[in-house]
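Undergrad: There's a structure below that I have some questions on.
The values are calculated or read from the model by the stated rules, or taken from the named source; none is laboratory data. Every value quoted in this text rests on a predicted model; they were computed, and no experiment measured them. Note that each Cβ is placed from the backbone with ideal geometry, even for glycine, and that neighbours are counted across all protein chains shown.
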Amino acid sequence: MKSRAAIALEAGKPLSLVEIDVEGPKAGEVLVKMVATSVCHTDAYTLSGADPEGLFPSVLGHEGAGIVQEVGEGVTSVKPGDHVIPLYTAECGKCKFCLSGKTNLCGSVRATQGKGLMPDGTSRFSLEGKMLHHYMGTSTFSEYTVLPEVSLAVVSKEAPMDKICLLGCGVTTGIGAVLNTAKVEPGSTVAIFGLGAIGLAAIQGAVMAKAARIIAIDVNPDKFTLAKQFGATDFVNPKEYTDPIQQVIVDMTDGGVDYSFECIGNVNVMRSALECCHKGWGESIVIGVAGAGEEISTRPFQLVTGRVWKGSAFGGVRGRSELPGYVERYMNGEINIDDFITHDMPFEKINEAFDLLHEGKSIRTVLHY
Ligand code: NAD
Ligand code: AHE
Ligand code: ZN
């Protein structure tokens, strides 16, 4: 079938709006018609060429919501008409990772997903006969996309898809990193570096966890308004200080924070986020994604003296079993998604959504198919 799509032909160039060919679902696969998608910084990162797994040409996009059109042989857990959120972190329930009970990472489709292919090693996308790669197992920048069954969360039909699409990454990642990965306790002091959708969602998670003090840090002071609205208590612009930012935070907090979250993808800030943690117990969670070849460093003494460095993917959330509950919590007012959506646009304006993100003018732009 034909499908409207925005494809990444080469690194560093805007997406090309074209009509691509999409093959029907094979065994264990599902054809989904996307209703809404948004742009996460990770899409921009991969398009920039910094992602070691980045492949071109490809159909990017991983934050979306849509409706199942057709299922392949053997698919039993979803059916045509189901409303779904694509998952870049699958949940098969059977692999070593899923059975461990220790992680939301799933091994079932990750190897082929990283090669831009479906689990059988082939692609369902092409343009004028030339193969296009899938991306993160989701490829939400095509109106029709094909995913493994294990990469779909079935959610309530009552929920507005142009809002809950943000649960496909940004909102879930930030909230989950606080509640699942860090397990922030009531009364904690928390520092959040980077106030895009991930950082704001981490603020939301910290409020849910009843943190007493939430320090919001960004080099773009325009981000402080929403951070305050979401519940941050202190605001720090590193550009206003000559001291290293970790020293500034340590001085503000009588020795450091209980938890910090890096929501930028900057390895120098990752170090600051670790080093602003309190001696003996402070934990720093890396959420931001850094470019190919970049590495983190600190004095091992920082760890010897009790600080803990952790990472979080999709907020530690198991998508198929837990995301329907996030949708319910949005529906009953426990989770705020609406305030992340600074812009709404028709899908065809997707390159404007990337520009707004790069310029620091948007949190999330929802694109409507
Ligand atoms: P974004 O671009 O909307 O937000 C990043 C924020 O960081 C911006 O407000 C920017 O002004 C700020 N910033 C940049 N440099 C800074 C610095 N030196 N000090 C302080 N603030 C600085 O991005 P986003 O969509 O919120 O994504 C944030 C990061 O999280 C990206 O690296 C993205 O790839 C990653 N991410 C990871 C996961 C995961 O599961 N681990 C999921 C989603 C996104
Ligand atoms: N491809 C990159 C890694 C990218 C990365 O870390 N992705 C995050 C999700 S970002 C969503 O916006 C993630 O969940 N990673 C776990 C996984 O299995 O990919 C690289 O460096 O190779
Ligand atoms: Zn994302």
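Undergrad: Please indicate, with yes or no, whether at least one residue in region 87-101 is more than 20 Å from Gly116 (Cβ to Cβ), within 16 Å of ligand 1 (Cβ to nearest atom) and either at pLDDT 95 or above or surrounded by fewer than 22 Cβ atoms within 10 Å (Cβ to Cβ) (or both). Write out each step before concluding.
TA: To start, the set of residues in region 87-101 that are more than 20 Å from Gly116 (Cβ to Cβ) comprises 91, 93-101.
This time we only want the ones that are within 16 Å of ligand 1 (Cβ to nearest atom), so: 91, 97.
Next, from what is left, pick out any that are either at pLDDT 95 or above or surrounded by fewer than 22 Cβ atoms within 10 Å (Cβ to Cβ) (or both): 91, 97.
So far as region 87-101 goes, yes, one or more of its residues are more than 20 Å from Gly116 (Cβ to Cβ), within 16 Å of ligand 1 (Cβ to nearest atom) and either at pLDDT 95 or above or surrounded by fewer than 22 Cβ atoms within 10 Å (Cβ to Cβ) (or both).
Undergrad: Of (1) farther than 15 Å from Asn180 by Cα; (2) part of a helix (DSSP H, G or I); (3) acidic (Asp, Glu), Glu294 satisfies all except one. Which?
TA: Exception for Glu294: condition (2).
Undergrad: Which one is farthest from Gly196 (Cα to Cα), of the residues in region 337-369 that are under 18 Å from the mean Cα position of the chain (by Cα) and surrounded by fewer than 16 Cβ atoms within 10 Å (Cβ to Cβ)?
TA: So the residue we want is Asp338.
Undergrad: Taking Ala50, is it within 16 Å of ligand 1 (Cβ to nearest atom), of a type outside the set (S, T, N, Q), over 18 Å from Phe314 (Cβ atoms) and crowded, with 17+ Cβ neighbours inside 10 Å?
TA: yes
Undergrad: Scan Gly256, Gly265 and give me the residue that is buried (at least 16 other Cβ atoms within 10 Å of the Cβ) and either among the acidic types (Asp, Glu) or out of contact with any His (no Cβ under 6 Å at 6 or more places or on another chain) (or both).
TA: Gly265
Undergrad: While we're on this one: Going by what's in this entry, would Val248 be described as without any contact (Cβ under 8 Å) to a residue 60 or more places away in the chain and within 16 Å of ligand 3 (Cβ to nearest atom)?
TA: no
Undergrad: Between Gly306, Gly325, which is more than 16 Å from ligand 3 (Cβ to nearest atom) and assigned to a loop (DSSP other than H, G, I, E, B)?
TA: Going through Gly306, Gly325 in turn, the sole match is Gly306.
Undergrad: A follow-up question, please. Please count how many residues of region 325-369 are among the acidic types (Asp, Glu), under 16 Å from Leu60 (Cβ atoms) and either without any contact (Cβ under 8 Å) to a residue 40 or more places away in the chain or within 16 Å of ligand 2 (Cβ to nearest atom) (or both).
TA: Of the residues in that region, 2 qualify.
Undergrad: Within region 30-75, work out how many residues are within 16 Å of ligand 3 (Cβ to nearest atom) and over 27 Å from Glu128 (Cβ atoms). Don't jump to the end; show me each part of the working.
TA: Step one: of region 30-75, the residues within 16 Å of ligand 3 (Cβ to nearest atom) are 34, 36-48, 50-51, 53-54, 58-65.
Restricting the remaining residues to those that are over 27 Å from Glu128 (Cβ atoms) gives 36, 38, 40-42, 45, 50, 63, 65.
Adding up the residues that qualify gives 9.
Undergrad: Report the residue count in region 291-304 for those that are of a type in the set (S, T, N, Q) and surrounded by 12 or more Cβ atoms within 10 Å (Cβ to Cβ).
TA: Within region 291-304, the first condition is being of a type in the set (S, T, N, Q), and the residues that meet it are 297-298, 302.
Then keep just the ones that are surrounded by 12 or more Cβ atoms within 10 Å (Cβ to Cβ); that gives 298, 302.
Number satisfying all stated conditions: 2.
Undergrad: Can you confirm whether region 188-205 contains a residue that is away from ligand 1 (no atom under 16 Å from the Cβ), among the β-branched types (Val, Ile, Thr) and either free of Cβ contacts under 8 Å to residues at least 24 places away in the same chain or in contact with a Phe, Trp or Tyr (Cβ under 6 Å, 6 or more places away or on another chain) (or both)?
TA: no
Undergrad: Quick check on Asp222: is it near ligand 1 (Cβ under 9 Å from one of its atoms), surrounded by fewer than 20 Cβ atoms within 10 Å (Cβ to Cβ) and in contact (Cβ under 8 Å) with a residue 12 or more places away in the chain?
TA: When the stated conditions are applied, Asp222 passes them.
Undergrad: In addition: Inspect region 137-156 for any residue being in contact with a Lys or Arg (Cβ under 6 Å, 6 or more places away or on another chain), modelled with pLDDT of 95 or more and within 16 Å of ligand 3 (Cβ to nearest atom) and give the result as yes or no.
TA: yes
Undergrad: Right, here's the next one. Considering Lys13, Lys79, which residue is basic (Lys, Arg), more than 23 Å from the chain's Cα centre (by Cα), surrounded by fewer than 21 Cβ atoms within 10 Å (Cβ to Cβ) and part of a loop (DSSP other than H, G, I, E, B)?
TA: Exactly one residue qualifies, and that residue is Lys79.
Undergrad: Right, another one. Looking at Ile264, Ile285 in this structure, which one is part of a strand (DSSP E or B), under 30 Å from Gly54 (Cβ atoms) and within 15 Å of ligand 2 (Cβ to nearest atom)?
TA: Exactly one residue qualifies, and that residue is Ile285.
Undergrad: Name every residue in region 346-366 that is assigned to a helix (DSSP H, G or I) and closer than 21 Å to Arg4 by Cα, in order of residue number.
TA: First, pick out the residues of region 346-366 that are assigned to a helix (DSSP H, G or I): 347-358.
Phe347, Glu348, Lys349, Ile350, Asn351, Glu352, Ala353, Phe354, Asp355, listed by residue number.
Undergrad: Further question: Please verify whether Leu274 is assigned to a helix (DSSP H, G or I), crowded, with 21+ Cβ neighbours inside 10 Å and touching a residue at least 24 places away in the same chain (Cβ under 8 Å), treating the condition exactly as stated.
TA: Judged against the criteria, Leu274 is a match.
Undergrad: Another one. Would you check if there is a residue in region 75-85 being under 23 Å from Ala290 (Cβ atoms), within 16 Å of ligand 2 (Cβ to nearest atom) and of a type in the set (A, V, I, L, M, F, W, C)? First the steps, then the outcome.
TA: So in region 75-85, the residues under 23 Å from Ala290 (Cβ atoms) come out as none.
No: zero hits.
Undergrad: Something else: Among the residues of region 258-306, which ones are more than 9 Å from ligand 1 (Cβ to nearest atom) and acidic (Asp, Glu)?
TA: Asp258, Glu275, Glu283, Glu294, Glu295
Undergrad: A further question on this structure: If you take the residues of region 147-203 that are among the polar types (S, T, N, Q) and surrounded by fewer than 24 Cβ atoms within 10 Å (Cβ to Cβ), which of them is nearest to Thr233 (Cα to Cα)?
TA: Ser188
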